Amino acid sequence: MLFDRQEKNLRDKASTEYLLWLNELEPSLCADRIPSFRELNHRLWAGTGWSIEVVPGLIPVVDFFKLLARRRFCSSTWIRRPDQLDYLEEPDMFHDIFGHIPLLLNPTYADFMQKFGEIGMKYASDEQAVLKLQRLYWFTIEFGLIHERGQLRIYGAGIASSFGESNHIFDDDITVLPFDVEKVMETSFRSDVMQTEYFAIPSFESLYRSLDGVEEHLVNTQMESSGPATVEIR
Ligand SMILES: [Fe+2]
């Protein structure tokens with residue numbers, strides 16, 4: 001039900017790369033059964049060298065960055081109840097796997113995620129820097145949009161795994177801004193409501209290249225008295 005409904009819903013809304021890799025992951029990822037992490041890992045490993053790391057829930061941000069830098073993506077193993085079909089406070093396995101895993105088979109996106117983790121490791125003890133990286137993660141990996149042949153498409157896992165939000169992005173009162181990595185890092189967000197502002201990238205290559213500007217921005221805006229990070233990412 002969960003898988004079927006969203007897979008059909010995304011056919012004309014998600015990025016062609018996301019749909020390509022979602023399709024490639026079948027039958028390891030399908031409506032008939034809980035996905036086998038062993039099978040998914042086999043395919044991820046063969047494709048881009050990524051694998052899935054099972055975690056109990058939210059983990060310290062430095063550990064999260066370390067795992068990304070080692071090409072490991074965290075996943076929960078719990079799945080939402082029928083009454084939670086459309087809203088969750090914490091990511092479940094459907095979000096983590098259906099939302100995040102397909103694009104990890106795109107080589108450029110896979111490299112982007114790893115490099116993001118490497119930058120995060122360098123700045124994990126600086127709370128202000130982690131906050132900026134959390135915003136970057138939020139507006140790209142979770143809630144990112146992409147322009148494809150004149151159309152707006154979804155690539156962020158938070159939208160791709162949400163029936164409500166994947167339709168909401170086409171509402172009239174939504175603002176879609178051109179992707180600017182510095183602006184993204186200075187834009188706050190709310191995690192308890194659907195977004196009203198999104199950023200759209202022109203391509204995954206440009207998303208990867210935007211990481212060059214991230215460290216520069218972090219260094220330029222570094223606060224003198226930053227303490228250990230307590231910000232949660234995911
Ligand atoms: Fe996520």
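The values are calculated or read from the model by the stated rules, or taken from the named source; none is laboratory data. These numbers were taken from a predicted model, which means no experiment stands behind them. All Cβ positions, even for glycine, are placed from backbone atoms using ideal geometry, and neighbour counts span all protein chains on display. Accessible surface areas use protein heavy atoms only, side chains included; no ligands, DNA or RNA. Shrake-Rupley method; radii C 1.70, N 1.55, O 1.52, S 1.80 Å.
Within the accessible surface of the chain, defined with a 1.4 Å probe on protein heavy atoms only, the carbon and sulfur portion equals 50 percent.
Restricting the GluC sites (Glu not before Pro) of region 134-209 to loop positions (DSSP other than H, G, I, E, B) with no more than 14 neighbouring Cβ atoms within 10 Å leaves GLU186.
With both residues required to sit in region 72-201, DSSP beta bridges show an antiparallel share near 40%.
For ILE34, the accessible surface of its heavy atoms amounts to roughly 110 Å² (probe 1.4 Å, protein chains only, rounded to the nearest 10). Going by the alpha-carbon gyration tensor, a ≥ b ≥ c the square roots of its eigenvalues, is region 112-225 rounded (a/c under 1.5) or, if a/c is not under 1.5, prolate (a/b greater than b/c) versus oblate? Prolate, because a/c is 1.5 or more and a/b exceeds b/c.
Net charge near SER51, counting Lys/Arg +1 and Asp/Glu -1 over other residues with Cβ under 15 Å of its Cβ? It would help to have the intermediate numbers written out before the result.
Numbers: positive: ARG38, ARG43, LYS66, ARG70, ARG71, ARG72; negative: GLU39, GLU53, ASP96.
Net local charge, SER51 excluded: +3.
Equivalent-ellipsoid semi-axes for the chain (Cα gyration tensor, √(5λ), whole Å, largest first): 26, 21, 17.
Of the trypsin sites (Lys or Arg not before Pro) found in region 126-204, those that fall in a DSSP loop while having at most 11 other beta-carbon atoms within 10 Å are ARG149, ARG190. For region 1-89, the fraction of C-alpha pairs farther apart than 21 angstrom is 44 percent.
Each Cα pair under 8 Å and six or more residues apart adds its sequence gap; the mean of these over the residue count of the chain is a relative contact order of 23 percent. Both the radius of gyration and Dmax for region 71-155 are 14.7, 41 Å, in that order, over alpha-carbon atoms.
Quick check for you: with a 1.4 Å probe and neighbouring chains kept, what is the accessible area per residue of the chain, in Å²?
47
Using θ = phi - 60° in the Karplus curve 6.51 cos²θ - 1.76 cosθ + 1.60, the 3J(HN,Hα) couplings for region 120-137 round to x, 4, 5, 10, 5, 8, 10, 4, 5, 5, 5, 4, 5, 5, 4, 5, 4, 4 Hz; x is entered for Gly and Pro. Beta bridges assigned by DSSP with both partners in the chain are antiparallel in approximately 25 percent of cases. Summarising the amide proton neighbourhood of PHE73: residues at separation of 5 or more, or on other chains, whose placed amide H is nearer than 5 Å comprise SER51, ILE52, GLU53.
So which GluC sites (Glu not before Pro) in region 40-138 are both in a DSSP loop and have at most 11 other Cβ atoms within 10 Å of their Cβ?
GLU89
For region 1-47, the normalised intensity computed at q = 0.19 Å⁻¹ comes to -0.63 (log10 of I(q)/I(0), Debye sum over alpha carbons, equal scatterers, no solvent).
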